[in-house]
Amino acid sequence: MQQNVVILGASDNPDRYSYKAFKSLMNHGHKSFLVSPTIKNLEGTPVVSDLSDIKINVDTLTMYVNSKISSGLKNKILELKPKRVIFNPGSENLELETALKKAGIEVLQACTLVLLATDQFEKKF
């Protein structure tokens with residue numbers, strides 16, 4: 001089942017895990033919506049600089065930013081109302097995780113790449 005997935009902290013550097021997640025999500029048939037203040041386009045996919053520019057229903061938000069950045073985006077993430085947020089290694093943020101759970105949003109501390117590779121990413125919402 002195709003999901004709408006927001007990659008927060010998208011990168012055009014092939015060595016970055018957010019880039020690898022973009023490629024893997026695409027290969028698994030998911031639609032990626034990319035957020036980064038530093039790039040405008042990634043292999044033909046538009047990149048927005050602000051979460052408020054995302055105007056779709058979000059199944060999964062996958063985090064590739066540190067806790068200082070994500071703390072500053074807490075309200076925008078809550079307003080986006082993703083069904084699930086994945087905190088990839090290095091992006092953990094207990095305060096944000098607590099706020100998301102309180103809002104009824106599923107929270108995972110996991111690696112998007114591993115979830116995809118082991119067929120654990122797809123979830124029926």
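Points worth noting:
- Count of residues meeting criterion [over 18 Å from I69 (Cα atoms) and of a type in the set (S, T, Y)] in segment 79-125: 2
- Residue within segment 41-53 that is under 11 Å from the mean Cα position of the chain (by Cα) and touching a residue at least 12 places away in the same chain (Cβ under 8 Å) present: yes
- Within the span defined as segment 58-71, every residue fails to be without any contact (Cβ under 8 Å) to a residue 40 or more places away in the chain and within 24 Å of K31 (Cβ to Cβ).
- Being of a type outside the set (A, V, I, L, M), buried (at least 20 other Cβ atoms within 10 Å of the Cβ) and not in a helix (DSSP H, G or I) is a condition met by no residue of segment 37-48.
- Selection count where residues are farther than 22 Å from K123 by Cβ and either assigned to a loop (DSSP other than H, G, I, E, B) or modelled with pLDDT under 95 (or both), scope segment 53-88: 4
The values are calculated or read from the model by the stated rules, or taken from the named source; none is laboratory data. These numbers were taken from a predicted model, which means no experiment stands behind them. Glycine also receives a Cβ, built like all others from the backbone with ideal geometry; neighbour counts cover every protein chain displayed.
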